[in-house]
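S.K.: Before I ask anything, here is the structure I am working with.
The values are calculated or read from the model by the stated rules, or taken from the named source; none is laboratory data. Note that the structure is a prediction, hence the values are computed from the model and not measured. Here the Cβ positions follow ideal geometry from the backbone for every residue, glycine too, while neighbour counts run over all protein chains shown. With ligands, DNA and RNA removed, areas are computed over all heavy atoms of the protein, side chains included. Shrake-Rupley method; radii C 1.70, N 1.55, O 1.52, S 1.80 Å.
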Amino acid sequence: MTTSPDRVRTRLPGISTRAWEHPADRTALVTLRSLSGFDVVLRTLSGLLQERQHRLLYLATAVRVDERQFRSLHQLREDCVEILDARTTPEMFVLQSPHVNAFTIGMDTPFIVLTTGLIDLMDTEELRFIVGHELGHALSGHAVYRTMLMHLLRLTASIGWMPVGGWALRAIVAALMEWSRKSELSGDRAGLLCGQDVEASVRVHMKTAGGTWIKEMNHGAFLAQADDYERSGDLRDGVLKLLNLELQSHPFSVLRAAELRRWIQSGDYDRVLAGEYPRREHDKNTRISDEMKEAARTYRQNFDQSEDPLIRTVRNLGKDVGSAVNTVGHEVGETVSKIGKRFNDWRTGDRDDPPPTK
């Protein structure tokens, strides 16, 4: 493996994570970041000892990446940190496992774990994309907020002030999983910005879907599968697609490649490389209402352009489905806002009943 640059990659000084975050992901993140004291409560509930325990576990069972161990991965991480102008460099570990996997965990100090199965499968530029993907997760705070939202989900089973009925809980689960899937699309965009190699970004998804036989696969044919997936079948297939996705935390590999292609074709990728991106210094000025509108606009646009048989059927009914589509974009933000307000009320003494306990 070599990390000798084959070309000069564009650096993105002062770039905000909003530049690569999917609108639905960004809505949830802006909402969560705005809730004063809410993160403190949930961090306490999650237990910081468990995070320390995880890091100690990887210190004892995996190999920590630095200039002496897995130096090639260390250099890739340094490249990604420089391109995204990250203020901190997350720790990285290599774990011996045949499973093809990479993940970012930890709330206060997120760290990245790559498995040997993943490293063996990918080439240098593909690994650059993956390291950038995980760095994007760390910078966006996905590890923090995914943990927080999962604790919210657990709380619904034991407290009385939230709806815990079967369908209500299922709706919350669906909203959380929808956000989780969109956060993975955000990570893919960060990975592409780090590598700035479209072919490599698609190969990553080709290999996670089809394994090592990349010479037997075709870039164009792989992306064409996504088009076939969306257009083919009848109304029943549209329903089955929803059921297949409902409890998935990650989008399917073929669809992730297609989403990345859609982001590139929108012109947003080229605009970022040209320096037209939001800056961190302006993050404090972002408004939840604006992010919700952008998320709703994106869902509505995808709805209007979709060739999925179920969505086509609903669209062709001629009914006013706008509110239903917009609800998906608002779901996570509104749910978290209500929960945060309730916690803030307890914190400021505006409510007489005690805060929820486990």
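S.K.: For S266, work out the one condition from (1) surrounded by fewer than 14 Cβ atoms within 10 Å (Cβ to Cβ); (2) at pLDDT 80 or above; (3) farther than 30 Å from S16 by Cα it doesn't fulfil.
M.R.: Single failed check for S266: (3).
S.K.: Filter the stretch 210-251 down to residues that are in a loop (DSSP other than H, G, I, E, B), modelled with pLDDT of 85 or more and closer than 21 Å to P98 by Cα, then give me how many there are.
M.R.: Looking only at that region, the number is 3.
S.K.: Those residues that are part of a helix (DSSP H, G or I), within 26 Å of the chain's Cα centre (by Cα) and closer than 21 Å to E126 by Cβ, I need them from the stretch 58-85; list them, please.
M.R.: S72, L73, H74, Q75, L76, R77, E78, D79, C80, V81, E82, I83
S.K.: Same structure again: Quick test for you: out of R77, R87, pick the one residue that is modelled with pLDDT under 95 and either farther than 29 Å from G211 by Cβ or buried (at least 19 other Cβ atoms within 10 Å of the Cβ) (or both).
M.R.: R87
S.K.: Looking at (1) of a type in the set (D, E); (2) modelled with pLDDT of 95 or more; (3) open to solvent by 30 Å² or more (accessible area, probe 1.4 Å), which one does D108 not meet, given that it meets all the others?
M.R.: With respect to (1) of a type in the set (D, E); (2) modelled with pLDDT of 95 or more; (3) open to solvent by 30 Å² or more (accessible area, probe 1.4 Å), D108 is out only on (2).
S.K.: Considering each of L135, L193, L139 in turn, give the residue that is open to solvent by 10 Å² or more (accessible area, probe 1.4 Å) and either within 21 Å of R87 (Cβ to Cβ) or at pLDDT 85 or above (or both). Don't jump to the end; show me each part of the working.
M.R.: Details: L135 fails: open to solvent by 10 Å² or more (accessible area, probe 1.4 Å); L193 fails: open to solvent by 10 Å² or more (accessible area, probe 1.4 Å).
Result: L139 is the single residue among L135, L193, L139 that is open to solvent by 10 Å² or more (accessible area, probe 1.4 Å) and either within 21 Å of R87 (Cβ to Cβ) or at pLDDT 85 or above (or both).
S.K.: Restricting attention to the stretch 200-209, does a residue exist that is modelled with pLDDT of 80 or more, assigned to a loop (DSSP other than H, G, I, E, B) and on the phi < 0 side of the Ramachandran plot? Even if it seems obvious, please write down each step before you answer.
M.R.: Kept after step one, since they are modelled with pLDDT of 80 or more, are these residues of the stretch 200-209: 200-209.
After this cut, where a residue has to be assigned to a loop (DSSP other than H, G, I, E, B) as well, the list is none.
No, that holds for no residue.
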